[in-house]
Each structure stands twice: as structure tokens, then as C-alpha cells.
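Any read-out appearing in this document is the output of simple, stated calculations on the displayed coordinates, not a laboratory observation. Computed from a predicted model, the values in this text were never measured in an experiment. Don't worry about glycine lacking a Cβ; one is built from the backbone with ideal geometry, like all the others, and counts go over all protein chains shown.
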Amino acid sequence: MCGIVGYIGPQAATEILIGGLEKLEYRGYDSAGVATVWEGEVQCVRAKGKLHNLREKLNGRENLAQIGIGHTRWATHGKPEEYNAHPHMDSAQRVAVVQNGIIENYRELREELKQRGHKFLSETDTEVIPHLIAEYLLDSSTPDLNQDTHLLEAVRQAVNRLEGAFALAVICADYTDEIILVRQQAPLTIGFGQGEFFCASDTPALVSHTSAVLSLENGELARLTPLGVEVYNFEGARLKKMPRTLNITPGQVEKQGFRHFMLKEIYEQPGVVRTCLDTYLNSDWHPLVGDQEEVVADAQNQIPQSPINLGLSDSLYENLEHIQILACGTSWHASLVGKYLLEQLAGIPTMVQYASEFRYAPVPLTKNTLTIGVTQSGETADTLAALDMEKRRREGLEAEYQPRLLGITNRPESTLGQMVSQILETHAGIEVGVAATKTFVTQLVVFYCLALDLAHRRQTLSPSRMKDIIVSLRQLPAEIEQLLEKQDRHIEELAHEFAETKDFIFLGRGINFPIALEGALKLKEISYIHAEGYPAGEMKHGPIALLDAKVPVVAIAMPGTVYEKVLSNAQEAKARDARLIGVTPISNQEAAETFDDLLPVPTVEELLSPILAVIPLQILAYHIAARRGLDVDQPRNLAKSVTVE
Ligand code: G6P
């Protein structure tokens, strides 16, 4: 949420800043701005709306400044207007600041500064920061006056007055050779080039320049000069830090011929599911079935070799009685599928909570409980805060209440990765489209692996059942490929018929109820069509009142426990004139008579079906939105990672 970039080095900064902001635009696109130090002044250019507006405004105002900061905004405090756009400056226009996060005590600080004569031009929380820094720069008691680290000291003093979660980049017209960075619970990474340094709130903005990066940790400041990078803590002590190597390539953040990132990411799903399975399924595992298995297990008096290799510490599993999962958005939907798997395969009672709700109404403490935070970005403020709260309230209690935390994320280098020592990575590669697709299916894959690992340890599945599930999982990538190949065009044609539709209902039951929620969310997010996901059996308790010929109903009907039930629920919708669309592998007479349109998926057993069932729903949402001429990758009002509460 909000993107920050910075550059210092021998090249002209503005073009580099704009290039970086392009890669971060998915973090917010309400306004954008850059500030450079040129001819002894801060030159600040800002524009409302998307980045191309800023580009246009910069036309004719180019300078050759070799230092600058930039920002793309997702509005929190103050409307998305130019006067609220970052960078913000002090009254003398010497200090410029970009911020990502929220300054919680900005009202008090603003009042205090106003009383000392400061004038504010925006409604933002950020504007207090350059004013505070300017005061500390002038304050003779600020240590190191006239020394190299004076700007750093002024920023450090200002930061110690701030409450909240934030990341900052600061430049000053009087210190033409340095950028000061601050990280406090919002991500910020430094990129190391040859005699030049970059910074960004997310690594896609760095990959085209360097693969040597250093992510700041909470409570750290950095001073970037053409000579190098110095890192300090909030107490002012210098820290020793080493860069690490980034494992993403520039190509991963390009569209590679696809019209939108979302479509590219939908098409990447067979590959990323395969990678994720290869990572966690034990290729040496050979199932011993029937008597053979029992004999070996008895003889060795131990659990036979696991089909899954997650690399987690055994202490997470010891005497495990409960699992609680905390997540937001699409990750919450994946967690609902996870709950089904953990309960039905491994027999562990599992609770899924919205992290934003859990923070203020935590469930009573249970013993021997594993808490899983699921967040593709690893930066969602509510998920991180809920996990932190859970950790704190358990610390110091008896052994069986001690915190056991596990993170599931696509970004192990994220704040989540720094916060939780046990991580399961989803290996989906960078996802740029704001609407999650490939990260969702890989979260599902990780949940299958976790549930199977637990099932193996608790011996809740027979070896032959375990084998069947693993064989079916291994077939998924090819089945997704087949689905994309056969159905994309068909779904595109069908989507054209819904370009003007106002409401949709998605129905699913059991393990596919979360897929109905996810299908509805995808459509809402990118096409702005109202859509509701509902458990099929509950439709008659309310949503059925919405139905008429203008409201299409998408029913996920996978053969298995609830197939007939879903079909009956679909019939109830049909009886109210709704146009029925079936996501199903069945193409028999009954299905043909029930559904007006089919979104066929390959034949798959019910347990594995969510990974296939969600794909036509992603494609349907994509084509409806594209047909409506909308900005699929950057839907209005949304941001890819929500780093504010
Ligand atoms: C935002 C995104 C959603 C995402 C949610 C949770 O709202 O737009 O696509 O599902 O955040 O993100 P996370 O990174 O925690 O999975």
C-alpha cells in the first residue's frame, strides 16, 4: 500500500524514479510524485491519479538531478488530490518526505507544530514529518550539527516522536548527497548498484537495477550516499548489515506479451503449482500399501517415511490439538479450504478468522495450538498485528499455551518472514495483478501439503488413500494446462454476454464454498459487478429473493458428497428464472438440462477440485472486466498489499 522509491548515484534520478514507480503502481494509484535536489533546491512534481499524469506533468521540467525520492499513493488520510500527494515538504521547502503507512499521533504533532507557526498545506498525516525534521535540523541541541550525520540525526529525532507503522525516505536541499530511510513496521529495501544506490518499498522496483539488496528491519534508519550505505538503530547506534541476493528476475515483472499481468499470472498457474508440489512432495516416497506398511511400521516402531517434506520444526506439531488461521481477503478464502483439509484429512479442529476481527475479539486461548498467518505479500497490517498479538498474549504462559507460529507467504523476505521463524513459501513468483490468482492456488497447494503431512504424522489416512491423493495432486498442473487451453476462448465468448450484468451469485458447498466466495470476490474486484458467494444450501434463507432472469447464478458442482445437493440448489435458482452456469466436469444429460452454460473442468475428485474449480472463475472475471474496458491489473480503490489497518 503506497510505493516508495529513491535513487542516489551518477545517473539522472527522475527517469529511474518513474521506472521504479511503474513497478510499484500496484501498491496504490491515487496520485504520484517525485522530488529531486537540483541547483540547491528541492524540485517537487506531483499529480493526481495514475502515473501517466505525473509523466505528462514532468514533460518539459526535466532536470539532471542525481538524487531523488518518489511515491505512488493509496489514500488513507485526505482525498486523492494533488495537494495530498507525496512528497510533502516543510514550510521552507528544504526537506521532502515520502511515507508509506500511518502516523497515528499526527493530530497532536500537527497542533503542536501549528502553535509554533508551521503552516500545513495538505490533509495528510505525512506532512508533519518534514516540518518536524526541519525543526530538528535548526535545533542547536541536535547532535552532530555541521557533521556528516546531521540530517540523519534530525530524522532520527523526528522519528522518535512518531507513533504508528511507517516507512520513510527523506531528502534535503542542504544535504545534496544523502537520502535517509526509516523503517518501522512497513517494508523498505535498499538496492546496491555500482556507485549508486536505490531504495523501494518492494523489490520489483529494484530487479532491473541490481540483485544485491538489504531489507531494513523495524526500528532501523539508513543513510545512503554515493559512497555507501550506513544502517543505524533508532537509538543512533551503527549496525553491521550484509546485502543478500534477490531471487527474482526482471522478466517476472514484465507482461511478456500478455495483455494484462492478471492473464499472464492465470497462465502461470500450471508452472507454479508444479514448482510448489516439487518443493513439498517427497520424490523418494514410495507408498507401502496394505500389510506391507503395517509390518514395516511395527518392526521399526516408528512412523514410516513421510510423503511430504515441509522442513518444519517438530515442535510445531507436538501434542497438537487446535489450529487457528489468521488472514485477510483472498488469503482468508484459501484458509477456509485449508480448514476443510486440516479437519477432514488430519482431524484437527481448525478455526479461521479475519485477522482484522481477531485483533479486537481474540478467541479464548486454547492449549497446544498452532497459529498460522496466511498472507501472500507478508505485509498485510492486520494479519501481522493479529499474529503479533497472539504471540504476545501466549508468551510467559505455561508450556502448553506457548505460541507456535507458522507463516504461509509468497514473500519469505517480507515482514512476516522476519516475524515468524517457521515459514512455508508458496513459490508463485512475484504477482503484479492486484487481484490474486496464482498466489491463491499455491496457497491451496501448501494447505494440501500441510494437511497431508499432519495426516501422515497422526496416521489419519490409510497409505492407499494417501497415495491416491498424492497421485491426483501430481496430475493437477497438466489438468490446469488442459483447462486453460480448452476453455479460455469459450469463457471469453461467454463473458461478452455478461458485460452489462449488474449482479451475480456464486454457489458452492463443502470444500468449494470458499471457491464460490473467491469467484465472487474476483468478479467484484476487477469488474465492479456486484457478486455474492454463498453456501448453496443457504441460498433459500435469503439470497434467493434476489433472483430473477437478470441475475446469473454460477454453481460449482463437483462430483462427490454434495454434488446432488448443489444440483438441487441450482434447480431452485432455475425455477426463479436465473441463468445457470455450472462449473463441473459432468456433461451428462442431467447437467445439460440443469445448466444454461457450462464452464467445464477436467474430471477430478471432490477433495482436489478447488484448485481446478477456481480457474474458470478467474478467467470469467478477467474477460468480463476486460470486455468492460476496465483496468484489470489496477482496479479502483484497491491495493495489492494493505499495509495500514
Ligand atoms: C488486498 C489485496 C487482496 C489480498 C488481500 C490480502 O486486499 O487486494 O488481493 O487478498 O489484500 O493480502 P495478503 O497479501 O495478506 O494475502
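Quick notes
- Sparse-neighbour loop sites [trypsin sites (Lys or Arg not before Pro); segment 552-585; at most 16 other C-beta within 10 Å; DSSP]: Arg576
- Only Lys, Arg (+1) and Asp, Glu (-1) charged, at Cβ; segment 1-137 dipole about Cα centre in debye: 200 debye
- Glu111/Leu316 FRET efficiency (R0 41 Å; Cβ-Cβ; nearest 0.05): 0.30
- Taking packing as the residue-averaged number of other Cβ atoms within 10 angstrom, the listed peptides 54-61, 601-608, 181-188, 360-367 run from highest to lowest as 181-188, 601-608, 54-61, 360-367.
- In this structure the amide hydrogen of Asp90, modeled in the peptide plane, comes within under 5 Å of the amide hydrogens of Val95, none closer than 5 places in sequence on its chain.
- Rg and Dmax of the chain, both derived from C-alpha coordinates alone, stand at 26.5, 85 Å.
- Only Lys, Arg (+1) and Asp, Glu (-1) charged, at Cβ; the chain dipole about Cα centre in debye: 620 debye
- Difference of contour (0.36 nm per residue) and Cα-Cα distance, His530 to Ser421: 35.3 nm
- MRE, 222 nm, helices only [DSSP H, n ≥ 4, -39500 (n - 2.57), over the chain, to nearest 500]: -11000 deg cm²/dmol
- In this structure, Glu485 and Glu104 have a Cβ-Cβ separation that, at R0 = 56 Å, corresponds to a calculated FRET efficiency of about 0.65.
- Crossing angle, helix 381-394 versus the chain [Cα axis fit, 0-90 degrees, rounded to tens]: 80 degrees
- Relative protection proxy for 263-273, 427-437, from highest mean packing down: 427-437, 263-273 (other beta-carbon atoms within 10 angstrom).
- Which of Ile423, Gln157, Pro349, positive extreme of dipole for the chain (C-beta unit charges): Gln157
- Peptides 410-421, 312-323 ranked from most to least packed, by the mean per-residue count of other Cβ atoms within 10 Å: 410-421, 312-323.
- Gain in span if fully extended, Thr176 to Thr225, counting 0.36 nm per residue against the direct Cα distance: 16.7 nm
- Modelled spin labels at Gln93 and Phe120, positioned 7 Å past Cα toward Cβ, are 2.1 nm from each other.
- Cut-off 12 Å (backbone N to label point 7 Å along Cα→Cβ of Glu82), residues of segment 28-46: 32, 45-46
- For Val583, the residues whose modelled amide H falls within less than 5 Å of its own, excluding neighbours fewer than 5 places apart on the same chain, are Ala555, Ile556, Ala557, Leu599.
- Evaluating 6.51 cos²θ - 1.76 cosθ + 1.60 at θ = phi - 60° for every residue in segment 270-278, the Karplus couplings come out as x, x, 6, 5, 4, 4, 5, 5, 4 Hz, glycine and proline recorded as x.
- If the segment from Leu546 to Glu163 were pulled out straight at 0.36 nm per residue, it would be longer than the present Cα-Cα gap by 133.3 nm.
- Förster-model FRET efficiency, 30 Å R0, Arg474 and Asp596, C-beta, rounded to 0.05: 0.30
- Only beta bridges with both residues in the chain are counted; by DSSP, about 65 percent of them are antiparallel.
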